[in-house]
Every structure is written in structure tokens, then in C-alpha cells.
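Undergrad: Take a look at the following structure, please.
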Amino acid sequence: MGAKDQNQQGIAHYAALKTAIANGEEQLVKDLLTKQPMQELEKNYLIELAELSNNSGILELLKGTPTFKNAE
């Protein structure tokens, strides 16, 4: 798979994750979240989105997701 295909797949995955959070679909969020780390900015945005819906289960899942370590 080329870099362009991987990028498009990543964008589609992120969009599906945002939609699932907005719809309160906890099981789908759990299925979409892998143990792969995500960018801290993306994670913080998704947490804010989940806070709007006040879904503690989704918040817990997101907060447990690892982030990439910044190169120092």
C-alpha cells in the first residue's frame, strides 16, 4: 500500500472515530481505537468531543489511548 493510500485510510479511520464519538457509539469507538498511539492533538480533540456528549465510557477509552512521544 502506498503512502497516499495509507494517508487516506488514516483520514477515513479518524473521521469514523469522530462520528462514532459524536453519536455516542461506545462499542464502535472501542473497535476503532487500536493500541496504536495517536497524535496528542488528535487525542485531545477527540476527548473534547466526547466531553460534549458527556459519555464517561468513551472518555475512559480515549484517555487510555497512548500518544506518540515528542522528539526532544
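The numbers here are math on the coordinates, done by the rules we state, and not lab data. These figures come from a predicted structure and were not determined experimentally. Every residue, glycine among them, receives a Cβ derived from its backbone with ideal geometry; neighbour counts consider all protein chains shown.
Undergrad: Go through the range 24-72 and give me each residue that's of a type in the set (S, T, Y) and free of Cβ contacts under 8 Å to residues at least 24 places away in the same chain. Break it down into steps so the answer makes sense when it comes.
TA: Step one: list which residues in the range 24-72 are of a type in the set (S, T, Y), which gives 34, 45, 53, 56, 65, 67.
Listed by number, the residues that qualify are T34, Y45, S56.
Undergrad: For the subset of the range 30-62 comprising residues that are among the hydroxyl-bearing types (S, T, Y) and under 19 Å from A15 (Cβ atoms), which member is surrounded by the most Cβ atoms within 10 Å (Cβ to Cβ)?
TA: Pass one, the range 30-62, residues among the hydroxyl-bearing types (S, T, Y): 34, 45, 53, 56.
If we keep only those that are under 19 Å from A15 (Cβ atoms) too, we end up with 34, 45, 53.
Details: T34: 9, Y45: 15, S53: 13.
If we take residues in the range 30-62 being among the hydroxyl-bearing types (S, T, Y) and under 19 Å from A15 (Cβ atoms), then Y45 is surrounded by the most Cβ atoms within 10 Å (Cβ to Cβ).
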